[in-house]
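Single-structure report; data block below.
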Amino acid sequence: MKITRVFGRILIMVIAVMALALVSCGQEPNEEYGYIYEDARISLNDGENIIDWGAGTAESSWDRGMVVFTSSGGGVFGIRSVDGSVNIAFNVGGSGYYDFQNTAAAPDGGYVCTAKAWSSANGGKYDLIRISPDGELSVIDTSGFDAGDIMSTAFSGGGTLYLYVDDGYEGKIIVYDDKMTLSNTFDMPSDHVRMKNTNTAYLSRGADDTVLLFYQTRDSENQLAWGEIRLDDKSGELSEPITLPQGTNTPLIAPRHDFYSKNLMGLSAADITGGETRSELLFAWSDLGLISDYIRNIVVRSEEQMFIRHIDTLTGEIVYGVINRVPASFFDGMRDIVIAYDTDTSNADIRQMTHYAARFNRDNTDSRVRFRGYTSAGLSAAALIAKDISAGNAPDIILFSDVMPYTMFSGSDTLADLYRFIDADPELGREDFIPAAVEPFSDNGKLCALTLSFSLRTLITREDSGAVPGQSAAQFIDTVENNGGALTALSPDADMKLQFLGRLVPAVISEYIDNDAKECDFSGFGEILELIGNADIADANGTDIHDYTNGRVLFNSTDITTIGDFITTKYMVFGGNPVFAGYPCAGTMALASFQLAVTGSGGDPEGAWSFIKACVGYQKDKISSIKNQVDIVFLKGFPCTYDALDILFDKMSEWYVLLYTNEKKDAKTGQEIEVAVSSYIGKTYTDAEGNVNEMEKRDDYFDVTEEDIAELRELISGCHVSTGCDDAVLSIILEEASAYFSGARNIEDTVKFITDRVNTRIHE
């Protein structure tokens with residue numbers, strides 16, 4: 001095998017200080033080893049190409065490593081392994097095989113797989129074929145079932161072949177002896193849970209040479225889980241099933257541990273003892289410069305070595321790689337930049353950060369980013385982080401989110417002033433950042449945190465409603481009273497009046513609380529409560545796009561995360577001329593996504609800032625390379641710098657916004673209603689010959705005009721950057737308001753209770 005060390009000492013990790021040590025799980029770090037990733041080049045013959053379409057790349061098994069199918073043209077194919085140990089050529093002749101799936105490594109060094117053959121007679125059917133180590137082909141008799149239904153294959157060490165067949169009913173396990181003669185058939189377990197368009201079972205050769213069946217089932221809490229059954233060659237029977245613990249992702253079988261598991265953050269090894277499962281995270285993908293989303297195949301040979309097929313994040317190419325375990329001393333001299341986060345943080349936020357961390361780790365030779373997850377175990381994640389800081393084990397960066405707001409640390413010296421780094425940076429200055437990205441996290445001139453992206457939250461109404469942007473609370477009340485219909489439409493999944501109040505309070509709270517003076521006055525708040533208490537709020541599940549123009553619903557309460565959201569609301573919902581009135585006292589508000597802060601007591605504050613700064617640059621790169629709708633959604637809103645925002649607007653001039661409606665049924669009445677939807681279509685496309693062609697303009701394709709961009713830019717520039725509302729204060733207001741809305745308390749007492757309790761809170 002030819003291995004190229006393309007990233008040198010950068011793609012590494014030390015388990016001793018491994019990220020994501022789940023505090024509540026009792027995971028002990030391994031102080032002896034770390035891992036490195038290296039690109040692998042598969043040795044090919046002249047004119048031979050790796051088949052990367054269909055299922056042309058197979059996972060194979062732990063004892064054979066990862067294999068791929070190759071093609072030389074003229075019906076000549078091959079099987080090659082990433083480590084160079086397998087080199088089989090075979091000729092399918094005129095059979096027309098073109099697709100290979102469900103590959104199982106046979107004990108004799110050959111393989112069995114399903115292969116599709118096209119002919120004018122059958123229109124394309126699958127055969128189950130055996131490929132000997134010498135490249136001889138033989139077709140295995142599958143007259144008792146359709147080979148196209150084979151979903152998974154595996155050999156035992158004794159040469160017995162097992163097939164999992166999904167026949168559209170309950171599924172079966174079909175067994176062939178070592179002579180490839182059908183010998184037995186088993187029904188799938190009765191607790192097997194089948195799901196549409198999902199492979200819910202597969203076979204794997206175990207390290208003891210038996211075959212294991214993994215299948216989707218439900219645990220004692222009725223949650224989806226993986227079940228395991230051992231298939232015994234000698235007895236010809238199935239073992240009693242066991243249910244793997246919650247959190248187990250697709251189990252991978254290899255020596256040294258009961259199973260391995262690939263998850264969003266990394267690869268874990270697990271062992272089951274006495275019904276208890278102990279799991280250890282071997283490494284984080286990002287520490288190796290890899291991203292979980294981009295890994296297409298993985299074969300674990302052992303704890304010492306794994307093979308992967310993945311999409312290179314820098315080039316977009318399919319590449320192969322080897323992950324090897326090495327002594328921890330291999331990494332001496334590397335700086336670790338540790339990011340702490342609450343494990344309840346949204347997977348979308350963590351996924352985005354792993355993308356940035358992987359890029360950083362590939363770009364840098366002297367430092368790497370690692371993640372340290374904190375799981376509540378009696379104490380909150382914030383308290384656990386504070387405990388580590390006090391013990392001298394401070395992370396370098398803290399990832400804040402809705403589940404752990406930055407205000408939990410802002411009143412201390414825990415967080416470093418990011419303005420110190422920005423002011424000293426030769427490439428970034430305060431003027432480069434959009435206020436919405438920094439001002440919510442500025443405390444008495446100190447920048448405690450920075451968000452990479454934000455969305456807009458606003459109230460939108462028809463042009464003739466009389467509403468004006470930035471209206472006062474009194475003007476807002478007048479607008480509602482002067483217009484009929486429902487105040488707004490919200491989801492009925494929660495109390496809709498409290499929902500609206502929960503959106504409103506962060507906008508208006510500064511009218512009633514002076515945090516600097518530690519004073520509050522809610523005397524005017526009763527009018528707001530009365531307005532909401534008396535208002536009709538429509539069920540969003542029964543509201544269609546026409547309700548906002550015909551007067552049935554006054555305000556569209558919406559979040560604008562993309563330009564598509566803006567275009568959809570403006571043109572489809574309101575016909576082109578709405579008023580972006582925003583919330584009373586605040587107008588349109590900015591909602592930050594996750595935030596990054598540097599700890600004052602971390603070991604490498606400059607390194608921490610270098611990562612945050614790199615993320616700002618990666619965000620701009622991502623915008624510049626937008627290729628599809630997924631890329632746009634990945635941004636999670638508008639970028640934090642003016643430069644990146646300009647690039648986004650320029651980029652969107654290369655796209656159409658496709659506006660259309662979907663029909664769904666009102667949950668209560670069953671009536672079909674129209675729902676406004678948008679997506680993105682590039683203005684050009686590349687055909688099969690590589691020619692760039694103009695996309696035909698349709699009536700439902702909308703250009704993003706200069707006027708639209710100017711209006712959206714004005715919304716962003718003028719949006720109210722709320723410092724948010726203390727969660728405890730918000731809880732007080734919602735709790736007391738709930739009593740008023742239910743009729744249990746009058747307005748005067750409600751306002752008094754809110755005032756007294758909030759006053760107590762702000763003096764704590």
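Rule-based calculations on the coordinates, nothing more; no lab input. The structure presented is a predicted model; accordingly, all values stated were derived computationally and were not measured. Ideal geometry is used to build each Cβ from the backbone, glycine not excepted, and the neighbour counts take in all protein chains shown.
Structure data summary
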read-out	value
Degrees separating the helix 747-762 axis from the principal Cα axis of the chain, which is the longest one	70 degrees
Coordinate range along principal axes, alpha carbons of the stretch 599-653, Å, largest first	44, 21, 16
Rg(Cα) / (2.2 N^0.38 Å) computed for the stretch 461-616, rounded to two decimals	1.28
Proportion of all alpha-carbon pairs of the stretch 547-587 beyond 13 Å (%)	55 percent
Peptide ranges 445-456, 631-642, 322-333 listed from the most packed, as the mean C-beta count within 10 angstrom indicates	445-456, 631-642, 322-333
Hull-based mean projected area of the stretch 149-241, where the convex hull spans the alpha carbons, in square nanometres	6.0 nm²
Highest average packing first - 557-568, 293-304, 421-432, Cβ atoms within 10 Å	557-568, 293-304, 421-432
Reduced Cα scattering model of the stretch 634-726, Debye log10 I(q)/I(0), q = 0.13, 0.19 Å⁻¹	-0.71, -1.04
The stretch 688-731 - Rg (one decimal) and Dmax (whole number), Cα, Å	20.9, 62
Computed [θ] at 222 nm, helices only, for the chain once each DSSP H run of length n ≥ 4 contributes -39500 (n - 2.57)	-6500 deg cm²/dmol
Cross-link partners of LYS627 among aspartates and glutamates (Cα-Cα below 13 Å; sequence separation of 8 or more within a chain)	GLU654
For the chain: relative contact order, % (alpha-carbon pairs under 8 angstrom, 6 or more apart)	11 percent
Acute angle (nearest 10 degrees) that the helix 496-508 long axis makes with the longest principal axis of the chain, alpha-carbon atoms	70 degrees
Where only C-alpha atoms are counted, convex hull volume of the stretch 89-190 per residue in Å³	98 Å³
Residue order, fewest to most beta carbons within 10 Å, for GLU280, GLU136, GLU674	GLU136, GLU674, GLU280
Overall dimensions of the stretch 236-361 as given by Cα atoms, namely Rg and Dmax in Å	16.2, 55
Length released on extending from ALA474 to GLU748, taking residue separation times 0.36 nm less the Cα-Cα span	96.8 nm
Residue exposure sequence - ILE509, ILE337 - by fewest surrounding Cβ within 10 Å	ILE509, ILE337
Inverse of mean 1/r across different Cα pairs in the chain, Kirkwood, Å	29.7 Å
Reach of LYS116 by Cα under 19 Å, taken over lysines that are not fewer than 8 positions away in the same chain	LYS125
Debye equation applied to the C-alpha atoms of the stretch 190-248, log10 I(q)/I(0) at 0.14, 0.18 Å⁻¹	-0.40, -0.64
Calculated P(r) tail over 22 Å for the stretch 384-465, as whole % of Cα pairs	39 percent
For CYS725, CYS615, order by how many other beta-carbon atoms lie within 10 Å, fewest first	CYS725, CYS615
Helix 706-718 axis, angle to the chain major axis (alpha carbon atoms, nearest 10°)	70 degrees
Förster radius 22 Å - calculated FRET efficiency between GLU606 and LYS446, Cβ distance, rounded to 0.05	0.75
Rounded Å value of the spacing that divides the Cα centres of the stretch 692-718 and the stretch 118-179	53 Å
Sorted peptide list for 199-205, 180-186, 107-113, criterion being average Cβ within 10 angstrom, highest first	199-205, 107-113, 180-186
Alpha carbon convex hull of the stretch 543-645, volume per residue in cubic angstrom	155 Å³
For SER376, residues with placed amide H under 5 Å, excluding near neighbours	THR343, ALA381
Distance from the stretch 609-630 to the stretch 309-378 (C-alpha centre basis), Å	16 Å
